[in-house]
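Engineer: Here you go, one structure.
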Amino acid sequence: MNILSVKNLVKSFRDVIAVDHISFDVPEGICLGLLGPNGAGKTTTIEMLEGLVKPSSGEILYFGELAATDVSQHVGIQFQHTSLPDHMTVKETLKLFASFYTESVDLDELIKLCALEDFANRDARRLSGGQRQRLLLALALVNDPRVVFLDEPTTGLDPQARRNFWDLVQKIKAKGKTVLLTTHYMDEAQYLCDELLIIDKGKVVETGSPDTILSRHFDGVLIQLPKDSITDVSHKLDELTKNYSETGSKFEILTSEVDATLSELMRLGIPLQGLQVRAPTLEDLFLKLTGHQLRA
Amino acid sequence: MFKRYFAVFTARNREFFRDRSSFIWNIFFPFLLLFLFAFIFGNSQDMFKVGVLGDEDAYLSKPQIFELRHIQFIPYEDQDSAVKKLQQHQIDMLLQLDKRVYWVNRSSPKGYMTEQLLMSKDSEYQRREVDGRAVRYIDFVLPGILGMNIMFSCLFGVGYIIVRYRKNGVLKRLKATPLNAVEFLSAHISSRLIIVVCVMFILFFGAHWIFDTLMFGSYLSFFAVLILGAMTMISMSLLIACRTRSEELTGGLLNVASWPMMALSGVWFSLEGAPEALQTFAYMLPLTHIVEASRAISIEGATFFSQADHLIFLTVMLVLFSGIGAWLFSWDSDHR
C-alpha cells in the first residue's frame, strides 16, 4: 500500500518554477531518499508534503486520501535548521512537543531509543552536534508517526556521529516507519535508502532502488588512472574507448570487460602504476545525471 | 486544544524565570528608579506654599503675611480643589481673604510653621482644620513606573520573542505540529500577562511596604486599569511582530513605540501645563491613559468608571491592534 502519493505537484514562486510536475509513490515501510543538487527543489517538495508550503497545483495523498490538516498528527519532521525554545532541558522539550499531539510515545523509551539518557536534564542548547540531531530526531518521533521526514540529518556531524545516526534510522525502519530522507551524502543514501528519487531543476530525473539505478546507468566498473602517469593520453585513450572522463587528477574508464581493457591499456604502453578498479557509486551517477558535484 | 495551549504557556513561563538576567532586571530596575527618586525628591524645596482664595478686591487689603519672603502664594478659584491640595500636602496652608479664615492640615509640620507665621502677623484669622496625608513625588511617580514597567515588559516580552522564534525556525518547527496560531499566541499572551501581574504586585506592595505609598482609591480598580493597559501593550507588541523576521527591525520599532511613551506619557511629570500639541500627541499614546487613570485612582481616590474616557481608549486600541495583528500574523513570513 502506498502511504504517500504525489501527483503532478507544482510550486512556482512568481516567475520561478521550483517544482515542476513531480509525481511519485511511497510504499509503506520503505526509506525513500530525495537527492538533488542545491536549489533542485528538494526542500520545497518536502515542505509541501509536510504541509508547510501550499502547492500551486497537484495532489498529495496520505494513506490514499487528500492531505488534511490532521496529517500533522501522523507525520514526524526533523528540520535541517531548527532552534528550540530557550531555557528548556531535553526532557522538557520532548514533553512540550508530546503535548501537541493527541497521542504520543512513552518519553523514557524514546529517550532510550535515541540515546539521550545521559543528558535528559541538560539544557538543550548545551548539546553537541550529534546529541542535538538525536534530540531533533526524537522530537520527530514523539507522536509515533507513520511517516518521518529527515532533512539532511547528518550534515555537519563527525563520521562516528553519522554512523550512530544511521543505526538509529535503521532501528526506526525496523519499527515499520516510512522514512523520507534528503541528503547530500551519497554513502548515506546508499546505506539507508530502499528507493531513490533524484531531482534536478524541479523535475524527477531518475527513480528506483540504488542498485537498479546504478546498473541502469553503469554497465561494468570504473578503472582509474592517475593523470600524470601518462602523456598524450587522450590520444591513446581515444583509440581504446570513447567511454572515459577526466575527474580531478584522474582519468576514469567505464568498462564491462576489465581484463580486455587492462590488456588493451598495456598494449598501448600506458603505465599501470597507481591504477584502481572500483564499482560505480551513487556519486558517479549523480555527476552523470546532474552534471555538477553535490555539495555537502 | 487546552493541553497544547497549557504546554506552551508553561514552557514560556519557564523560559522567563530561567532567563535570570532579564528576570532580575524586570523587578530590580523599577525599584532602583523608585529609590533614586525617593532620594532626589525626598526633601527638595523648603519654601512654604500658601493657597489663596478671594475676590480681586480682597487683595487690596492683603494680610501682612504677604510681606514675608520665602512663601509662595498660589491663587485658587475653587475652594474644594484648594482644600484637596491642602489635604494632600501640596500646599501648606489655605487663606480665604474675604472671610478672614484659614485652613491648615493637622498632620503637616510645614502647615504648623506657616500657621505660626500667620498668627504673628494677622492674628484675627479664624482657624479651620483639615486632615490628610501628604502626596509625595513617590506617590505620584509610582503609577508611572508601574505603567512604564508594564509597557517595556509587554512590548519586548511578546513581540521580540516571537520574532526571534520566527527567525531561528522555532515557529516553523511548531507549525509542523498540530499546534495552531491561536493556541500559540494566547499561551504567550497569557504567560506574559501573568508575569506582568506578578511583577506589578511585587512592585506595588514592595513600594507600599518600603515607602508607605498612598492608595486613596480601590485596589481592584487600580489593578484592573493596569491589567487592561498590559493587554493593550501586548496587542501592540503582537501587531509590531506579526510578520517580520528581523530582530533589528523589531527592536527598532519597539524602541520607536516605547521611548516617546517613556518621555511624554506623564510617567515622570504631570502633563498639566504642557504645550497643547504635546498633550494632543501624548493622548494618542496608550501609556498616557494607563498612567493617568491609575494615578487618578491611587492619589485622588477616583473611581473606576470616572476614568471611562481613558478605559474606552485603551479598549479600542486593544481590539484594533489584536484584530489587525491576528489577521496579518504569519508563522514564517516567507509569503508562501
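Engineer: Name the helices (runs of 4 or more DSSP H) wholly within region A:207-296 that hold at least 2 residues that are at pLDDT below 75?
Structural biologist: Numbers: elements: A:210-217, A:233-240, A:258-267, A:282-290.
Correct list: A:233-240.
Engineer: Listed residues B:Leu311, B:Leu320; which is open to solvent by 60 Å² or more (accessible area, probe 1.4 Å) and not polar (S, T, N, Q)?
Structural biologist: B:Leu320
Engineer: May I ask you to list the residues in region B:161-192 that are polar (S, T, N, Q) and within 11 Å of another protein chain (Cβ to nearest Cβ)? Give the derivation first.
Structural biologist: Residues of region B:161-192 polar (S, T, N, Q): B:168, B:177, B:180, B:186, B:190-191.
Within region B:161-192, B:Asn168, B:Thr177, B:Asn180 qualify.
Engineer: Taking region A:42-68, which residues are within 14 Å of another protein chain (Cβ to nearest Cβ), open to solvent by less than 30 Å² (accessible area, probe 1.4 Å) and under 19 Å from the mean Cα position of the chain (by Cα)?
Structural biologist: Within region A:42-68, the subset within 14 Å of another protein chain (Cβ to nearest Cβ) is A:43-56, A:67-68.
Those still in the list that are open to solvent by less than 30 Å² (accessible area, probe 1.4 Å) too: A:44-50, A:52-53.
Across region A:42-68, the qualifying residues are A:Thr44, A:Thr45, A:Ile46, A:Glu47, A:Met48, A:Leu49, A:Glu50.
Engineer: Quick check on region A:75-85: of everything there that is among the polar types (S, T, N, Q) and more than 7 Å from chain B (Cβ to nearest Cβ), which residue is most open to solvent (accessible area, probe 1.4 Å)?
Structural biologist: Keep residues of region A:75-85 that are among the polar types (S, T, N, Q), which gives A:78, A:80, A:82-83.
Restricting the remaining residues to those that are more than 7 Å from chain B (Cβ to nearest Cβ) gives A:78, A:80.
Working: A:Gln78: 1, A:Gln80: 58 Å².
Among residues in region A:75-85 that are among the polar types (S, T, N, Q) and more than 7 Å from chain B (Cβ to nearest Cβ), the one most open to solvent (accessible area, probe 1.4 Å) is A:Gln80.
Engineer: Filter region B:278-308 down to the residues that are in a loop (DSSP other than H, G, I, E, B) and open to solvent by 50 Å² or more (accessible area, probe 1.4 Å) and list them by number.
Structural biologist: First pass over region B:278-308, keeping only residues in a loop (DSSP other than H, G, I, E, B): B:283-285, B:301-304.
Of everything in region B:278-308, those that are in a loop (DSSP other than H, G, I, E, B) and open to solvent by 50 Å² or more (accessible area, probe 1.4 Å) turn out to be B:Tyr283, B:Met284, B:Thr303, B:Phe304.
Engineer: OK, next. Any residue in region B:23-45 that is within 14 Å of chain A (Cβ to nearest Cβ), surrounded by fewer than 19 Cβ atoms within 10 Å (Cβ to Cβ) and without any contact (Cβ under 8 Å) to a residue 40 or more places away in the chain? Even if it seems obvious, please write down each step before you answer.
Structural biologist: Let us first name the residues in region B:23-45 that are within 14 Å of chain A (Cβ to nearest Cβ), namely B:23.
Now narrow it down to the ones that are surrounded by fewer than 19 Cβ atoms within 10 Å (Cβ to Cβ): B:23.
Checking which are without any contact (Cβ under 8 Å) to a residue 40 or more places away in the chain leaves us with B:23.
Yes, because at least one residue in region B:23-45 is within 14 Å of chain A (Cβ to nearest Cβ), surrounded by fewer than 19 Cβ atoms within 10 Å (Cβ to Cβ) and without any contact (Cβ under 8 Å) to a residue 40 or more places away in the chain.
Engineer: I'd like to check something: does region B:96-115 contain any residue that is of a type in the set (Val, Ile, Thr), at pLDDT 85 or above, assigned to a helix (DSSP H, G or I) and open to solvent by less than 10 Å² (accessible area, probe 1.4 Å)?
Structural biologist: Taking region B:96-115 and keeping what is of a type in the set (Val, Ile, Thr), we get B:101, B:104, B:114.
Within this subset, residues satisfying the condition of being at pLDDT 85 or above are B:101, B:104, B:114.
Filter once more, keeping what is assigned to a helix (DSSP H, G or I): B:114.
Then drop every residue that is not open to solvent by less than 10 Å² (accessible area, probe 1.4 Å), which leaves B:114.
The answer is yes; a qualifying residue exists.
Engineer: Which residues, counting only those in region A:170-192, are closer than 21 Å to A:Gly39 by Cβ and of a type in the set (A, V, I, L, M, F, W, C)? Before the answer, list the steps.
Structural biologist: Taking region A:170-192 and keeping what is closer than 21 Å to A:Gly39 by Cβ, we get A:180-186, A:188-189.
Passing the criteria: A:Leu180, A:Leu181, A:Met186, A:Ala189.
Engineer: Oh, and also: Looking only at region A:101-140, count every residue that is free of Cβ contacts under 8 Å to residues at least 12 places away in the same chain and within 14 Å of chain B (Cβ to nearest Cβ) and tell me the total.
Structural biologist: Of the residues in region A:101-140, 2 are free of Cβ contacts under 8 Å to residues at least 12 places away in the same chain and within 14 Å of chain B (Cβ to nearest Cβ).
Engineer: Determine whether B:Ile150 is under 19 Å from B:Gly325 (Cβ atoms), within 14 Å of chain A (Cβ to nearest Cβ) and β-branched (Val, Ile, Thr). Talk me through it step by step, then tell me what you get.
Structural biologist: Details: under 19 Å from B:Gly325 (Cβ atoms): yes; within 14 Å of chain A (Cβ to nearest Cβ): no; β-branched (Val, Ile, Thr): yes.
No: the conditions fail for B:Ile150.
Engineer: While we're looking at this one, here's another question. Find the residue count for region B:124-181, including only residues that are in a helix (DSSP H, G or I) and either touching a residue at least 24 places away in the same chain (Cβ under 8 Å) or open to solvent by less than 20 Å² (accessible area, probe 1.4 Å) (or both).
Structural biologist: Looking only at region B:124-181, we keep the residues that are in a helix (DSSP H, G or I), and these are B:137-168, B:170-175, B:181.
Imposing the further condition that a residue be either touching a residue at least 24 places away in the same chain (Cβ under 8 Å) or open to solvent by less than 20 Å² (accessible area, probe 1.4 Å) (or both) reduces the set to B:137-167, B:170-175, B:181.
Of the residues in region B:124-181, 38 are in a helix (DSSP H, G or I) and either touching a residue at least 24 places away in the same chain (Cβ under 8 Å) or open to solvent by less than 20 Å² (accessible area, probe 1.4 Å) (or both).
Engineer: Here is a check on your reading of the model: is B:Leu60 out of contact with any His (no Cβ under 8 Å at 6 or more places or on another chain) and under 10 Å from B:Val50 (Cα atoms)?
Structural biologist: no
Engineer: Which of the residues spanning region A:144-183 are open to solvent by 10 Å² or more (accessible area, probe 1.4 Å), within 14 Å of chain B (Cβ to nearest Cβ) and on the phi < 0 side of the Ramachandran plot?
Structural biologist: Hit for region A:144-183 is A:Asp151, nothing else.
Engineer: Next up: Could you check how many residues of region A:86-95 are within 7 Å of chain B (Cβ to nearest Cβ) and open to solvent by less than 10 Å² (accessible area, probe 1.4 Å)?
Structural biologist: 1
Engineer: Find all pairs meeting these conditions: Cβ atoms under 6 angstrom apart; at least six residues apart or on different chains; first residue within region B:232-244 and in contact (Cβ under 8 Å) with a residue 40 or more places away in the chain and within 16 Å of B:Asn255 (Cα to Cα); second residue among the acidic types (Asp, Glu) and open to solvent by 10 Å² or more (accessible area, probe 1.4 Å).
Structural biologist: none
Engineer: If you don't mind, another one. If a residue has to be outside any strand (DSSP E or B) and surrounded by fewer than 19 Cβ atoms within 10 Å (Cβ to Cβ) to count, how many in region A:187-203 make the cut?
Structural biologist: Residues of region A:187-203 outside any strand (DSSP E or B): A:187-194, A:201-202.
Narrowing the set further to residues that are surrounded by fewer than 19 Cβ atoms within 10 Å (Cβ to Cβ) leaves A:187, A:190-191, A:194, A:201.
The qualifying residues number 5.
Engineer: Pull out all pairs, ordered by first then second residue, where Cβ-Cβ is under 8 Å, the residues are six or more apart or on different chains, the first lies in region B:1-18 and is more than 8 Å from chain A (Cβ to nearest Cβ), and the second is of a type outside the set (A, V, I, L, M) and surrounded by fewer than 19 Cβ atoms within 10 Å (Cβ to Cβ).
Structural biologist: Listed by first residue and then by second, the contacts come to B:Tyr5/B:Ser186; B:Phe9/B:Ser190; B:Phe16/B:Ser22; B:Phe16/B:Phe23; B:Phe17/B:Phe23.
The values are calculated or read from the model by the stated rules, or taken from the named source; none is laboratory data. Here the structure is a predicted model, which means the values were calculated and not measured. Note that each Cβ is placed from the backbone with ideal geometry, even for glycine, and that neighbours are counted across all protein chains shown. For accessibility, only protein heavy atoms count, side chains too; no ligands or nucleic acids. Shrake-Rupley method; radii C 1.70, N 1.55, O 1.52, S 1.80 Å.
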